[in-house]
Amino acid sequence: MLRSKSIQNKYSQLLFTLILLFIIGPFFTKIIGQVITQLLFFGIIISIIRTFNLKKNNFLLYVAIAGLAFFFNTLSTVYTLSHGLESNFDKLLIFIADLINSVFIVLAILSINKKIFLAQKVDHDTIKGGIAVFLLIGLLWTFIYHLIFLLDPNAFSYSQELQEYNHLFYFSFTTLTTLGYGDVTPVNQFAMNLTNLEAIVGIMYPSIFIARLVSLYTADELKERD
């Protein structure tokens, strides 16, 4: 089975890539920036795959599927550059890429959460995994919002020109953390319902995760005393 270089740090690369997306993502808004952001997304997906501990053939299959998502996104960028505007074909390519990325993120959230709640003690890996899951939830909703935006360009009301991924990424995390500045707001009914759901998850997940950490720590302390 393929594993990270260190079993005790299997979520380090994933967490690092997610944090990197926050730090350098806002600086890339032009076409070249879009490609760099897509490379970051691809790196996140590869980091996700590495946490699954797959056999070599399955690992390569997952990487190939992730590569397809990156290919569709890049092809969409090239197509827009060559034609000078977005088309239905361009949107279809992005839609497929977003779907693939969303599936990977859902799998990662389920997989990492399962490992966290099956853990017998608190360590650095458990904490990193929990933080990574929280950031992945925000990223997942970013892709979901973008899928809605592709289907309905008027699904969101915004105070300035919407830069798709950047603004939806920002909107997702302000919703997840229940900040809600109001500069981007959902108008589409489906988007409104999903916004409410994300806010609920943003409140519940940290509470459940912290409760799990406390229970693991308490159980570990009791074992040491015995």
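Gln120 falls short on exactly one of the conditions (1) under 22 Å from Tyr11 (Cα atoms); (2) part of a helix (DSSP H, G or I), and that condition is (2).
Yes/no matrix, rows are residues, columns are (1) under 30 Å from Leu216 (Cα atoms); (2) charged (D, E, K, R); (3) surrounded by fewer than 22 Cβ atoms within 10 Å (Cβ to Cβ):
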{"site": "Ile44", "(1), (2), (3)": "yes, no, no"}
{"site": "Ile48", "(1), (2), (3)": "yes, no, no"}
{"site": "Leu61", "(1), (2), (3)": "no, no, yes"}
{"site": "Asn101", "(1), (2), (3)": "no, no, no"}
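Considering the range 59-77, and only residues there that are β-branched (Val, Ile, Thr) and modelled with pLDDT of 85 or more, the residue that is farthest from Lys10 (Cα to Cα) turns out to be Ile65. The condition of being at pLDDT 90 or above, assigned to a helix (DSSP H, G or I) and of a type in the set (S, T, N, Q) holds for only one of Ser102, Ser111, that being Ser102.
Mind checking whether some residue in the range 86-97 is surrounded by 19 or more Cβ atoms within 10 Å (Cβ to Cβ) and either out of contact with any Ser or Thr (no Cβ under 6 Å at 6 or more places or on another chain) or not in a helix (DSSP H, G or I) (or both)? Yes, there is a match, as at least one residue in the range 86-97 is surrounded by 19 or more Cβ atoms within 10 Å (Cβ to Cβ) and either out of contact with any Ser or Thr (no Cβ under 6 Å at 6 or more places or on another chain) or not in a helix (DSSP H, G or I) (or both).
Within the range 175-221, the set of residues being surrounded by 13 or more Cβ atoms within 10 Å (Cβ to Cβ), in a loop (DSSP other than H, G, I, E, B) and in contact with a helix residue (DSSP H, G or I) (Cβ under 7 Å, 6 or more places away or on another chain) comprises Thr177, Gly180, Asn188. The number of residues in the range 63-78 that are of a type in the set (Gly, Ala, Ser) and buried (at least 18 other Cβ atoms within 10 Å of the Cβ) comes to 3.
Looking at the structure I just gave you, is Lys56 modelled with pLDDT of 80 or more and farther than 26 Å from Ile131 by Cα? Judged against the criteria, Lys56 is a match. For residues that are in a helix (DSSP H, G or I) and surrounded by fewer than 19 Cβ atoms within 10 Å (Cβ to Cβ), scanning just the range 149-158, find the one that is farthest from the chain's Cα centre (by Cα). Restricting to residues being in a helix (DSSP H, G or I) and surrounded by fewer than 19 Cβ atoms within 10 Å (Cβ to Cβ), the top hit is Leu151.
The values are calculated or read from the model by the stated rules, or taken from the named source; none is laboratory data. As the structure is a computational prediction, the values presented were derived from the model and not from experiment. In this analysis, Cβ positions are derived from the backbone assuming ideal geometry, glycine residues included, and neighbour counts consider all displayed protein chains.
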